[in-house]
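Every number here is computed from the coordinates shown, using simple stated rules; none is lab data. A quick note: this is a predicted structure, and the numbers were derived from the prediction, not measured. In this analysis, Cβ positions are derived from the backbone assuming ideal geometry, glycine residues included, and neighbour counts consider all displayed protein chains.
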Amino acid sequence: MAQFVKKDDDRDEEEYSPFLGIEKGSVLQEARVFNDPQLDSRRCSQVITKLLYLLNQGETFTKVEATEVFFAVTKLFQSKDIGLRRMVYLIIKELSPSSDEVIIVTSSLMKDMNSKTDVYRANAIRVLCRITDGTLLTQIERYLKQAIVDKNPVVASAALVSGIHLLQTNPEIVKRWSNEVQEAVQSRAALVQFHALALLHQIRQNDRLAVSKLVTSLTRGTVRSPLAQCLLIRYTSQVIRESSMNNQSGDRPFYDYLEGCLRHKAEMVIFEAARAITELNGVTSRELTPAITVLQLFLSSSKPVLRFAAVRTLNKVAMTHPMAVTNCNIDMESLISDQNRSIATLAITTLLKTGNESGVDRLMKQITNFMSDIADEFKIVVVDAIRSLCLKFPLKYRSLMNFLSNILREEGGFEYKKAIVDSIVILIRDIPDAKESGLLHLCEFIEDCEFTYLSTQILHFLGVEGPKTSDPSKYIRYIYNRVILENATVRASAVSTLAKFGAMVDSLKPRIFILLRRCLYDNDDEVRDRATLYLNTLGGDGSVVETDKDVKDFLFGSLDIPLVNLETSLKNYEPTEEQFDISSVPKEVKSQPLAEKKSAGKKPTALGAPPAAPTSTVDAYEKLLSSIPEFSTFGQLFKSSAPVELTEAETEYAVNVVKHIFDKHVVFQYNCTNTIPEQLLENVIVVVDASEAEEFAEVATKPLKALPYDTPGQTFVAFEKQEGVLAVGRFSNELKFIVKEVDPSTGEAEEDGVEDEYQLEDSEIVAADYMLKVGVSNFRNAWESLGPDFERIDEYGLGPRESLSEAVNAVINLLGMQPCEGTEVVAANSRSHSCLLSGVYIGNVKVLVRLSFGVDSSKEVAMKLAVRSEDESVSDAIHEIVAN
Amino acid sequence: MHVLLNIYHSDACPTIKNVLLLDSGGRRVAVKYYTDEWPTNGAKLAFERSVFIKTQKTNARTEAEIVMFENNVVVYKFIQDLHFFVTGGDYENELALAAVLQGLSDAVTLLLRGNVDQREALENLNMMFLCLDEIIDAGMILETDGNMIAGKVATHNMDDGAPLSEQTISQALATAREHLTRSLLR
């Protein structure tokens, strides 16, 4: 017991704190001293410190408590004690009073703002600007303008920094201060200049010319603080970027200034300038050299921060200009043993990017020692770098594959293991020699793998690759072990894998049958079902064996239909004698409206009415269109759009349009539904005004003879356009018809009808209509195989955008292409993004697009667009789409 | 091909996301957050926890150290049982962050008269709060010179009686004296 007490004492001593056992309730009680007629400023300071301590520890005050404290605190303005006043400022900022409370302290703070004491002035400005709203701001604006040009740098900085914050909420007011801010930029006080420069740039950031002028004058003048110099470098890069977008020729403006900054005395500035140079658009190696040289010097600095900054920048440079960085390789190698693991990781990944083939083995040895003591997130970075290295030097696969299999056996989380497995799979795919050893490494891994997802992925991959190896039988043991030892999901996929071996390798068939039959007694449905199915298809139960080709197609053929479409089609499918035909499922990735089933379901089928709107598959459309003589000469249908509603929901007539694109024609299919039981519409046509679509000429119209209540029907309008021209335009539509009254009791229509019309919304032909969404499974391979012959690259400014992901989606929708490899998803908060798109352009031209996006603090989005296609004019066309 | 266009954020002014002063157990002494990235106290504590754990085993005593995680760059320095951290976004100039950190640790050293430890910091917590307030204003760097920061904080704790000009001079003298002693003790 005594020992226990003693231990407790020790603990107390160790964790001594003047705030030990402090409680909100009692501190709030103590705050009553603020109301004493004779203020004890020392005591009051202490109480405020306690309140601040509580807030800082995460304690929250209720509205009532905060208001009470706030009112008590306002009394303290009576005291002349500077220290106390300073604490009062702090606590007011922390309490962030509501606007009706602010009024109470406004006059006190305004008095302090005009006080002779500089400390009061500076702080009162910051407090007042923090808690103020727009109306109050106009009252104090005059003082703030004065403060900006105040002799005292602390006061000037306080006003300028407050201006930077206020610019977000009250830009129109702050913009009126330009003259004063301009004057402050010339201030002799270093930080005033920094703050003034930051504010001035923010005021003018949308005025390119003004920014350019500012940069021109300041790069010639004197800039006193390193921070201000860094800002100027950033603004200079901005000007360079914008001007180089306009004129490609001639020397780069301001490069000399950046290079001059490499000789500045402050490291902060040198680094900023070096980084700015490495990030110049299309930087040449001549321009890069001086920047790389200073960064190389930083690599051997004694300061970790400097080493980190340099290696991080060089790492980025290595992605685009690996040759420029090779000079630093020796310094980089010494960084592998750096105490700071972030630096070491960056050094390794840089080396992996810049290293040559002969150095690989040595490098791998160094990395092996290093891997054990870094975190997973770093390891993933290293694994990715090793994968690209291996693809670069396929002859070195042996040592790299060994490395990967070694680290695969070590401890690690899911993301890390997944990165390794993905890498091995890619290496097996791309380097034939690596296949057998890679597969065995994966087999060993699944023997002891805690991640179901990875096990199933590997089993699937084994099923595809394993049977093609020289000795497929050696994999069977690994696979069947899964059936014995694993959970149901893994067992089911092991069964599928076994079946694939059985289908591909005749000699193994009998043994596979034995194994599969054992699986028939599994206690999981899915496993039993699969085993039964495969035994059946492979002929293991002695029944009629399907042809070899069918079996292989069944087992190996990829489901080239998007699962979503299949699901929708199955939901739409109504059990009839007609079997579900999988080929009727659309292959294009798009959302299928369920509405068609609904309308079809309501309608009794025996009415002899025209057939319901066909299921919106290309095949069905094609059949429909070719059955109409007017359109039969248009040739192969390229694409049919999803239906676009031209009427609002719940209106008298519901009309939507499907756009059919042919090489030289466009057909609008208007699907009309009459929702008024008392009406029969006859001779329904859509009158299309194509005056805003000059490149289109109307060639044919197919009216709808009759449109009875709730029975959809179609009318068509066809246009001609020039082949190979990306014609876009807007069409205004009007529904014209003869309406006849229907007696609801008999269902008989009257003889005479009245002509009527009904305004529809406009329809449009956009660039995306000429593009089919067709995905590719391996974008990189597809990209490489298209080759750079018809590659077109350009950059575009997209202007201010709501968010990066909004900008990415806008471009994807504009192009109407299929995002690949999940690149349409933009990580939250990320400021740059790369997106891969693929599609087939009209004329059956394959197109691939790489998009790189970047967004700056003012939400301006810039985009780099690289297009490869089988046809030069198509690559250009894609750029035209974006440029317009 | 892989030119990521993250250079386009370079136009922004350097901003600080948070400044943390923790003790050797990772507990808060004084912290200040300037963004909504960690909206709740729980989120803040979690960030402090992970930053503390990630840096705990490193030696950041002679030179400031640096770590990057969750798209943030954190520079840090340990003095006795106090851990100083300054966090910025991943595009921030690392050396600008380091300058802020240096200013902070210098100012704290001056204000605590060389006795930089958790106990002393807590006993002078008012000065620690004022110090944070003088370095960063809502994310903007106000001042990075440790002497200037300490001077501004200390001014407020002077008696009200003396005229201001004298106060500044005497403060300057005190700082100079302190500086001299410190350099002699090294």
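Odds and ends about this structure:
- What separates the Cα centres of region A:34-60 and region B:114-138 is a distance of 16 Å.
- Shown is the FRET efficiency for A:Asp789 and A:Glu68, computed with R0 = 60 Å from the Cβ-Cβ distance and rounded to the nearest 0.05: 0.20.
- Chain A, relative contact order [Cα under 8 Å, separation at least 6], %: 4
- Computed 3J(HN,Hα) for region A:852-865, one whole-Hz value per residue from the Karplus formula 6.51 cos²θ - 1.76 cosθ + 1.60 where θ = phi - 60°, is 10, 10, x, 10, 9, 5, 8, 6, 6, 9, 10, 9, 10, 10, glycine and proline marked x.
- Annotation for A:Glu802 and A:Ile330: the two label points, set 7 Å from Cα along the Cα-Cβ direction, are 5.6 nm apart.
- Inter-label distance for B:Lys57 and A:Lys111, nm, one decimal - labels placed 7 Å from Cα along Cα-to-Cβ: 5.9
- Rounded to 0.05, the FRET efficiency of the A:Asp384 and A:Lys623 pair, given R0 = 60 Å and the Cβ-Cβ distance, is 0.80.
- Contour excess over end-to-end distance, with Cα ends at A:Asp525 and A:Lys80 and 0.36 nm allotted per residue: 151.9 nm
- The residue among A:Gly747, A:Gly816, A:Ile793 whose Cα reaches farthest toward the positive pole of the charge dipole of region A:729-858, with charges on the beta-carbon of Lys, Arg, Asp and Glu, is A:Ile793.
- Per-residue Cβ neighbour rank within 10 angstrom, fewest leading, B:Lys77, B:Lys44: B:Lys44, B:Lys77
- Computed about its Cα centre, the charge dipole of chain A is approximately 5160 debye, with only Lys, Arg, Asp and Glu carrying charge at their Cβ.
- For the protein assembly as shown, the antiparallel share of DSSP beta bridges with both residues in that region comes to about 100%.
- Note on region A:104-191: with charges restricted to the Cβ of Lys and Arg (+1) and Asp and Glu (-1), its dipole about the Cα centre is near 160 debye.
- Dipole of chain A [Lys/Arg +1, Asp/Glu -1 at C-beta], most positive-end residue of A:Leu314, A:Phe719, A:Ala434: A:Leu314
- Shielding score for A:268-280, defined as the mean number of other chain Cβ atoms within 10 Å: 3
- Of A:Lys846, A:Lys736, the sequence from fewest to most neighbouring Cβ atoms within 10 angstrom is A:Lys736, A:Lys846.
- Taken along the Cα-to-beta-carbon direction at a fixed 7 Å, the label points for A:Thr293 and A:Arg341 span 3.7 nm.
- Summary of packing: across the peptides B:91-97, A:397-403, the per-residue average of other C-beta atoms within 10 Å ranks them, highest first, as B:91-97, A:397-403.
- Amide N of region B:47-71 lying under 15 Å from the label point, which is placed 7 angstrom from the Cα of A:Asp376 along Cα→Cβ: B:70
- Label point of A:Ala810 set 7 angstrom out along Cα-Cβ; within region A:859-879, amide nitrogens under 12 Å from it belong to A:859-863.
- Within straight-line cross-link reach of A:Lys265, lysines at Cα separation under 26 Å, skipping those fewer than 8 residues along the same chain: A:Lys213, A:Lys303, A:Lys316, B:Lys77
- Förster-model FRET efficiency, 25 Å R0, A:Thr675 and A:Thr701, C-beta, rounded to 0.05: 0.60
- Residue mean of other protein chain beta carbons inside 10 Å, A:116-126: 3
- Contact order for region A:402-545, expressed relative to its length and based on alpha carbon pairs under 8 Å spaced 6+ residues apart, stands at 16 percent.
- Dipole of chain A computed with +1 at Lys/Arg Cβ and -1 at Asp/Glu Cβ about the Cα centre; of A:Phe737, A:Val847, A:Leu144, farthest Cα towards the positive end is A:Leu144.
- The length gained on full extension between A:Val754 and A:Ser301, counted as 0.36 nm times the residue separation minus their Cα-Cα distance, comes to 154.1 nm.
- Across region A:24-79, C-alpha contacts under 8 Å between residues 6 or more apart give a mean separation that, scaled by the residue count, equals a relative contact order of 49 percent.
- Only helices enter the 222 nm calculation for chain A: every DSSP H run of n ≥ 4 contributes -39,500 (n - 2.57), and dividing by all residues gives -16500 deg cm²/dmol, rounded to 500.
- The ranking of B:His83, A:His165 by Cβ neighbour count inside 10 Å, starting from the fewest, reads A:His165, B:His83.
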